[in-house]
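Structure, as structure tokens:
The values are calculated or read from the model by the stated rules, or taken from the named source; none is laboratory data. From a predicted model like this one, the values you see are computed outputs, not experimental measurements. Because the Cβ atoms are built from the backbone with ideal geometry, glycine has one as well, and the counts that use them run over all protein chains shown. Remember, those area values only see protein heavy atoms, side chains included, never the ligands or the DNA or RNA. Shrake-Rupley method; radii C 1.70, N 1.55, O 1.52, S 1.80 Å.
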Amino acid sequence: MEIAKNNQDGCFTLSPSGDVDLSVARSLQMEIRAAMETKPVRMIVDLEKVPYMDSSGVATLVEAMQIARKQNTTLVLCCMQDKVRSIFEIARLDRIFTIVPTTEDAAGA
Amino acid sequence: MSDTSQTHPAPPTTTPHVRVQILSQPRYLSGTRELIAATARRLGFDETACSQIALAVDEALCNIIRHGYDKAEDQHIWISIWPLNEPPDAEPEGIRIVIEDNAKHIDPEAIKGRDIEDIKPGGLGVYIIRNVMDEVVFQQRPEGGMRLILSKQVTTTDQKPTPDTTTPN
């Protein structure tokens, strides 16, 4: 899986590409942990290029949320595709995460 | 949704319409999802239902790989698929998927999804499986390992529109 990174003005954006399942969730977890260690004011996970996510990926993002809360980083998920949103809705996590439609929204959420 | 702790029904005795064996490696999850979704589509499910059925199977496989086989990558998992239809030559009314492994026996009563209100990483798989499938039955296989029987009915919203049979001018 490719994960594009952009760290600018206290805003760290991670943009993974491809399905996030058990085979790659660990890679995303490592990238998120490394990004969080920089203590960004805002962490954006851009999911535009993620067509599928299973509970392994969701667990990674739940961990990110827990880290973010501890260190007062604002975590925002954006550009979520319908199939990915579906698992968040099934797990009722759509009301726990800040999920916005666009990267522009994420920058201001 | 059925009681997930029951040990019945018996697994189907007819020959599966589709049967695949995979090694317990996460790299094969993607291809298996595609197979499940494509088969469900052929049995009349809409795109949303196909995705959810594939997700349920993915979650079941992840649990076997992580917990059943402790991430050992040289173990086998068998996936069998039948259409749900009665009589057998009728149009499919749904899908039945049986997933079997040779992992250690687990008491089916002990397989519980976590409380969904308890927000923490992990433990969502069983909850998701129960949420998206109509019937979820965990069984111990007499020959060793576990069996998971999943069923889902096609609903009216899944039905494809009747093809337009009018002759174009």
Once the Cβ-Cβ distance between A:Met30 and B:Asp89 is put in as r, and R0 is 45 Å, what FRET efficiency do you end up with, to the nearest 0.05? 0.30
Subtract the Cα-Cα distance of A:Thr74 and A:Lys39 from 0.36 nm times their separation in residues, and report this length gain in nm to one decimal. 11.6 nm
Flagged as over-length at 24 Å C-alpha distance, from B:Lys71/B:Lys112; A:Lys49/B:Lys71; A:Lys49/B:Lys112; B:Lys71/B:Lys104, the pairs are A:Lys49/B:Lys71; A:Lys49/B:Lys112
Rounded, prolate or oblate: which one fits the range B:34-124, using the alpha carbon gyration tensor with axes a ≥ b ≥ c (rounded when a/c is under 1.5, else prolate when a/b beats b/c, else oblate)? prolate
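Hand me the trypsin sites (Lys or Arg not before Pro) from the range A:26-109 located in a DSSP loop with no more than 12 other Cβ atoms within 10 Å, in residue order please.
On the way: sites: A:Arg26, A:Arg33, A:Arg42, A:Lys49, A:Arg69, A:Lys70, A:Lys83, A:Arg85, A:Arg92, A:Arg95; in loops: A:Lys49, A:Arg92, A:Arg95.
Sites meeting the loop and neighbour criteria: A:Arg95.
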Work out which residues of the range A:73-106 lose at minimum 30 square angstrom of accessible surface when the other protein chains are put back, relative to the chain isolated, with a 1.4 angstrom probe, and list them by number. A:Lys83, A:Ile87, A:Ile90, A:Ala91, A:Arg92
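With a/c under 1.5 counting as rounded, go ahead and sort chain A into rounded, prolate or oblate using the C-alpha gyration tensor (a ≥ b ≥ c being the square roots of the eigenvalues; past the cut-off, prolate if a/b is larger than b/c, else oblate). Can you show the working numbers first?
Values: a/c = 1.39, a/b = 1.26, b/c = 1.11.
The shape class here is rounded.
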What does a probe at B:His76 reach in the range B:22-37, counting residues whose amide N is under 14 Å from the point 7 Å along Cα→Cβ? B:22-24
Between the Cα axis of helix A:55-71 and the main Cα principal axis of chain A, the angle (0 to 90°, nearest 10) is 20 degrees
Per-residue mean of C-beta atoms belonging to partner chains within 10 Å, peptide A:50-57: 6
Run the quick spin-label model on A:Gln8 and B:Thr15: label points 7 Å from Cα toward the beta carbon, then report their separation in nm to one decimal. 6.1 nm
Per-residue mean of other chain beta-carbon atoms within 10 angstrom of the beta-carbon, peptide A:20-27? 5
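Sorted by packing (mean other beta-carbon atoms within 10 Å per residue), highest first, where do B:42-53, B:24-35 land? Could the numbers behind the result be given before it?
Numbers: B:42-53: 20.3, B:24-35: 17.5.
My ranking of the peptides, most packed first, is B:42-53, B:24-35.
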Cut-off 13 Å, label point 7 angstrom out along Cα-to-Cβ of A:Ser17: give me the residues of the range A:80-99 whose amide nitrogen falls inside. none
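Report the accessible surface area buried between chains B and A, summing both sides, using a 1.4 Å probe on protein heavy atoms only, in Å² rounded to the nearest 100. Could you put the intermediate results ahead of the total?
Working: alone 9700 and 6000 Å², together 13850 Å².
Using a 1.4 Å probe on protein heavy atoms, the buried area is about 1800 Å².
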May I ask you to give the solvent-accessible area per residue for chain A, in square angstrom, as obtained with a 1.4 angstrom probe? 46 Å²
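Given the -39500 (n - 2.57) contribution per DSSP H run of 4+ residues, what per-residue ellipticity at 222 nm results for chain A, rounded to the nearest 500 deg cm²/dmol?
Numbers: 4 runs with 45 residues, N = 109.
Helices in chain A give a 222 nm mean residue ellipticity of -12500 deg cm²/dmol.
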